[in-house]
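Only one structure is covered here, and it is reproduced in the block below.
Every read-out reported here was derived from the displayed coordinates using simple, explicitly stated rules and does not represent laboratory data. From a predicted model like this one, the values you see are computed outputs, not experimental measurements. Here the Cβ is made from the backbone with ideal geometry for all residues, glycine too, and neighbour counts use every protein chain on show.
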Amino acid sequence: MSWTDERVARLTKLWADGLSASQIAAELGGVTRNAVIGKVHRLGLSGRAKSSGSSSTPRPKRQPRVSSYSSRSTRTSQRALNNLSLKISSTSTAARALAEEDIEAPKPLKLALTELTEKTCKWPVGDPATEDFYFCGHGVGECGPYCRYHSKLAYQPVVDRRREKKAASA
């Protein structure tokens, strides 16, 4: 199949009428949708009329993503503050599990990052952006980078977390 002047003129008219590339290919016959798209681009046909039979609703505009470094670090710091807080509600699964096992919260040894070893608890306390940020520092449990108390906080059974999430949303 070759693009004759007649076929190009018909393609141009159908494109301006708002037909899709598939519809134009079917109308012209002997060409594929991709051939129509390629020819449209080579001809530089950019403007299109909207078809009157379109029943799709326009999508709402999205808010632009903020990608500046400072706002990302602020969000991260806020998230870190929320995640690293040692305050646990009395109804949480972790608090109930700790109460059942009578594991008391150890008094942090307040180690700096440079003082941590493989055998010290790496549970962070406070905001990393401030000077009073430190790590627990007690001996680690059987598995993981935390002491026994902080392991209970960090590793909660999936079923309990789902149950808590469901209760919180209800």
Around GLY137 (Cβ within 12 Å, Cβ-to-Cβ, excluding GLY137; K/R +1, D/E -1) the net charge comes to +3
Taking TYR146, TYR134, TYR155 and counting other beta carbon atoms within 10 angstrom, the fewest-first order is TYR155, TYR134, TYR146
Over 32 Å (Cα to Cα) among LYS119/LYS166; LYS107/LYS165; LYS122/LYS165 -> LYS119/LYS166
Looking only at lysines whose Cα falls under 19 Å of LYS13's and that sit 8 or more positions away or on another chain, we get LYS39, LYS50
